[in-house]
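Enquirer: What follows is a single structure, and I will ask about it in a moment.
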Amino acid sequence: MARIAVGGFQHETNTFAPQRATWSDFERADAWPGFIRGPELIEAVEGYNIPIAGAVKTLQELGHDLVPLCWCSAPPSSYVERDAYERVATAMIQDLADAGPLNGIYLDLHGAMVAEHHEDGEGELLRRIRALVGRRIAIVTSLDFHTNLTPEMVEHASAMIGYRTYPHIDMAATGSRAAELLDRLIKDRRPLHKAYRQVDFLMPLVWQCTLAEPAKGIFELLAEIEAGADKSGAPGASHNQGIVSITHTPGFPPADIKECGPALVVYGHDKEAAEAAADRLLAAIQAKEGDFAGRLYTADEAVAEALRIARAASKPVVLADIQDNPGAGGTSDTVGLLRALIAHKAKGAVIGMMVDPEAAERAAALGEGALLDCGVGAKIGYADETPIEAKWRIMRLGSGRFTGTGPMYGGAKFNIGPMALITDEDSGVSAVLAAKRIQANDKEMFRHVGVEPAEVPILALKSTVHFRADFQPIAEAVLVVQSPGAHITDPADLPYEHLRPGIRLRPKGPVHQSRSTA
C-alpha cells in the first residue's frame, strides 16, 4: 500500500473572452462541486464523471492510502485572476508540505489554464510541486482533451494522461487510467522516456470531434500504436516495445500563449520505440491537416435551412451556436441566433441555455403565466448586442437543481438556477434561461423546465461539440452556426500577441508571424 496525495485545479482559459475567473468562481458549485479541501474531498467527488472521481475509485480499489489535498474548477472564461490562482496553488502546496511521506501524487488538471501572472498555469503549479517533493516522487496527472501541452508540463510531471473523446464521455475513465499508471510507476520505479512533439497548425475546436474524421481515425491509430496492434509497417508500428502510454491533446486555440496548439507525448521504457511512435503519430496528424474543416452557416442561413428540413422531419433539427459556447469562454448570452429564429418566425423552436441572471430572477419573481418585463440576453453586451425585447410569456419555472443523465454530465448535480422557459407570443420561439453559465449538453437542462428535446422541431444549443453526445442521437440534422460569440471559431481571426511564430493559424492556413515582422 502506498500513500498517494490526490487533488485538482481545473480551468480552461480563453484569453480573448470578456470575463475573468475570480476566486468566487472556483468556490461555488455548478454542475460539479465547488472548492473542496481535506478529507471531505473523497466523498464529495464520488459518482461524478470527472477524472478525480475515477482516480480516487481506482486508487482505493488498488489498496492505496489517499491523502486528499484540494479540488476545484471554474467555468471557462478569460484569465484566472492572480488572487484565485494563488489561493488554490498555495493551499495545494501547503497541504503537500504537511502531508508527510508520500509515494506518489495524482492531480486532476485541465491543461489550458492561463493566469494573470503565469501563461502556463499547470506548468507553474507542477514546477512548484516538483520543487517541494523532489524528483523521486511519481507525479501523474489527467488532462483535458483541449490541453495546450507545454514542455514545462511534460518536464515536471512523471506522466500525463489525456481524454480520448470529444464530447468528453471518458473523463472518469481517464482519471482511472492515470491512477493505474501511477500505481505502475510506484511499483516499477523506472523513469519513463518522454517523446514530446508539437503539431505545427491550430485545430478549430468544432472540427476536433472524435465522433467523425479526421479525429476519430487519429485516436484509433493512437490506441493501436499504444497496444502494439498497428500493422502498417511504418517505423514504430506493429509492436509497442517498451511503450507505456500515449497522449495526444488537440489543443485549445483561443489561448494567447506561446505554446498554444496540438501536441502529443509518448511515454516508454524504450527510447527508440517511444521516439518512433511519436514520429508515426505526428506524421498521421500532419497528413490529415486539410480535413480539419467543414461547413459553417450564418444564423439566417441556418434557420432557413432548419425550417426547410423540419417540414419533412420527425426529429429535431439541431443548431449549434458554436461561438457562444460557455464551455470555451463564451458569455452564453449573445442573441444573434435567437434574433434569427424570431425573425423567421420559427414557431416551436427552443434555444438554450440563455444565461441571463437578471431575466431568470425576474421571471421567478413574476411567476408562471406572467409577461416578463425586461429584455433577454446580451446583458454583457458582447459585439455591441442589445437585449431582445418581446412579448416574453413565462411558461415554466425551475430551481436549477437537478441531476444530469447524459453521457458527459450523467450524475452531475446541477445548481444553475433560477431557471425559466419563456416564449415570444408573436413568433412562438422559446428560450431556456439560467442564472449561471453552463454548456447546453444534457437533455435534463430542458426537461427541468418542461421541454422534451426530442419533441421540438428546432433545438438551438449554445455548445460547440459536447452537445453531440446527448443530442445527436435524437437529431434529424445538425447545422453548425457561426453567430457572434467570444469563442472565435477560426483561430486566424484572433489577435494573437504571444503565440510562437511559425505555427499555422488554421489547417492549411496562414503562418503566424511575430509582432516585429507581422
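The values are calculated or read from the model by the stated rules, or taken from the named source; none is laboratory data. Remember, it's a predicted structure, so these values are computed and weren't measured experimentally. Note that each Cβ is placed from the backbone with ideal geometry, even for glycine, and that neighbours are counted across all protein chains shown. In case anyone asks, the SASA skips ligands and DNA or RNA and just uses the protein heavy atoms, side chains included. Shrake-Rupley method; radii C 1.70, N 1.55, O 1.52, S 1.80 Å.
Enquirer: Scanning the range 39-66 for residues that are in contact with an Asp or Glu (Cβ under 8 Å, 6 or more places away or on another chain) and not in a helix (DSSP H, G or I), which turns out least open to solvent (accessible area, probe 1.4 Å)?
Expert: Ile50
Enquirer: Does at least one position in the range 72-84 carry a residue that is open to solvent by 10 Å² or more (accessible area, probe 1.4 Å) and assigned to a helix (DSSP H, G or I)?
Expert: Within the range 72-84, one or more residues are open to solvent by 10 Å² or more (accessible area, probe 1.4 Å) and assigned to a helix (DSSP H, G or I).
Enquirer: Does the range 434-468 hold any residues that are in contact with a Leu (Cβ under 8 Å, 6 or more places away or on another chain) and open to solvent by 20 Å² or more (accessible area, probe 1.4 Å), and which are they?
Expert: Residues satisfying the conditions are Gly450, Arg468.
Enquirer: For Ala178, are the conditions met, namely being open to solvent by less than 10 Å² (accessible area, probe 1.4 Å) and either among the basic types (Lys, Arg) or in contact with a strand residue (DSSP E or B) (Cβ under 9 Å, 6 or more places away or on another chain) (or both)?
Expert: In short, yes.
Enquirer: Another one. If a residue has to be in contact with a helix residue (DSSP H, G or I) (Cβ under 8 Å, 6 or more places away or on another chain) and either closer than 20 Å to Gly290 by Cα or assigned to a strand (DSSP E or B) (or both) to count, how many in the range 483-503 make the cut?
Expert: 2
Enquirer: Pick from the range 123-137 the residues that are open to solvent by 10 Å² or more (accessible area, probe 1.4 Å) and in contact (Cβ under 8 Å) with a residue 12 or more places away in the chain: which of them is nearest to the chain's Cα centre (by Cα)?
Expert: Result: Glu124.
Enquirer: If you go through the range 1-22 one residue at a time, how many are open to solvent by 40 Å² or more (accessible area, probe 1.4 Å) and either of a type in the set (Phe, Trp, Tyr) or under 22 Å from Ile137 (Cα atoms) (or both)?
Expert: Qualifying residue count, the range 1-22: 3.
Enquirer: So Ala31 passes all but one of these: (1) in contact with a helix residue (DSSP H, G or I) (Cβ under 9 Å, 6 or more places away or on another chain); (2) open to solvent by less than 10 Å² (accessible area, probe 1.4 Å); (3) aliphatic (A, V, I, L, M); (4) not in a strand (DSSP E or B). Which condition number does it fail?
Expert: Only one criterion is unmet by Ala31, namely (1).
Enquirer: With the requirement that a residue be among the hydroxyl-bearing types (Ser, Thr, Tyr) and open to solvent by 80 Å² or more (accessible area, probe 1.4 Å), what does the range 387-412 give you?
Expert: The one that is among the hydroxyl-bearing types (Ser, Thr, Tyr) and open to solvent by 80 Å² or more (accessible area, probe 1.4 Å): Thr405.
Enquirer: Only one of Ile342, Ile351 is of a type in the set (Val, Ile, Thr), in contact (Cβ under 8 Å) with a residue 24 or more places away in the chain and open to solvent by 10 Å² or more (accessible area, probe 1.4 Å). Can you tell me which?
Expert: Unique residue meeting the criteria: Ile342.
Enquirer: Could you check the range 85-109 and list, in sequence order, the residues that are farther than 13 Å from His11 by Cα, surrounded by 21 or more Cβ atoms within 10 Å (Cβ to Cβ) and hydroxyl-bearing (Ser, Thr, Tyr)?
Expert: Tyr106
Enquirer: OK, next. Determine whether Val303 is in a helix (DSSP H, G or I) and either among the hydroxyl-bearing types (Ser, Thr, Tyr) or touching a helix residue (DSSP H, G or I) at 6+ places or on another chain (Cβ under 9 Å) (or both).
Expert: Here the answer is yes, as Val303 does meet what is asked.
Enquirer: Would you confirm, using the coordinates I've provided, whether Pro68 is closer than 24 Å to Glu12 by Cα, out of contact with any Phe, Trp or Tyr (no Cβ under 9 Å at 6 or more places or on another chain) and modelled with pLDDT of 95 or more?
Expert: Criteria met by Pro68.
Enquirer: Which condition does Thr174 not pass, out of (1) in a helix (DSSP H, G or I); (2) farther than 24 Å from Leu281 by Cβ, if it passes all the others?
Expert: Here Thr174 clears every test but (2).
Enquirer: So is Asp300 surrounded by fewer than 19 Cβ atoms within 10 Å (Cβ to Cβ), in contact (Cβ under 8 Å) with a residue 12 or more places away in the chain, within 30 Å of Ala159 (Cα to Cα) and not hydrophobic (A, V, I, L, M, F, W, C) or not?
Expert: Judged against the criteria, Asp300 is not a match.
Enquirer: Determine which single condition His117 fails, assuming it passes every other condition in (1) part of a loop (DSSP other than H, G, I, E, B); (2) crowded, with 24+ Cβ neighbours inside 10 Å.
Expert: His117 satisfies every listed condition except (2).
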